[in-house]
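Below: one structure, written as structure tokens.
The values are calculated or read from the model by the stated rules, or taken from the named source; none is laboratory data. Nothing here was measured: the structure is a model prediction, and the numbers come from that model. For accessibility, only protein heavy atoms count, side chains too; no ligands or nucleic acids. Shrake-Rupley method; radii C 1.70, N 1.55, O 1.52, S 1.80 Å.
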Amino acid sequence: MTPFNLSKELRKQALDEIKKYFLEKREEEIGQLAAELLLDVMIEKVGAAIYNQGIRDAHTFMSEKIEDLYGLEK
């Protein structure tokens, strides 16, 4: 499987959110390296599952739209 990569902007946003979460919810300040390592593990462990769910959701959506097209037949 091809490794999942975030754009620079999305990666920065995710890292900022991780640091914000730790500060607000756990009252801990974590550094950049800790946030990066956590993000990498999260992507490695659950990234494929989230991607696959997106594919299944898109398939369901498209299948419903194709069924709608059949309803337009005369």
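State all residues of region 27-63 that are among the charged types (D, E, K, R) and either open to solvent by less than 100 Å² (accessible area, probe 1.4 Å) or more than 24 Å from the chain's Cα centre (by Cα) (or both); if no residue qualifies, say none. Spell out the reasoning first.
Applying the first criterion (among the charged types (D, E, K, R)) to region 27-63 yields 27-29, 36, 40, 44-45, 56-57.
Selection gives Glu27, Glu28, Glu36, Asp40, Asp57.
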**Prompt:** Any idea which of Leu15, Leu10 is open to solvent by less than 80 Å² (accessible area, probe 1.4 Å) and part of a helix (DSSP H, G or I)?
**Reply:** Leu15
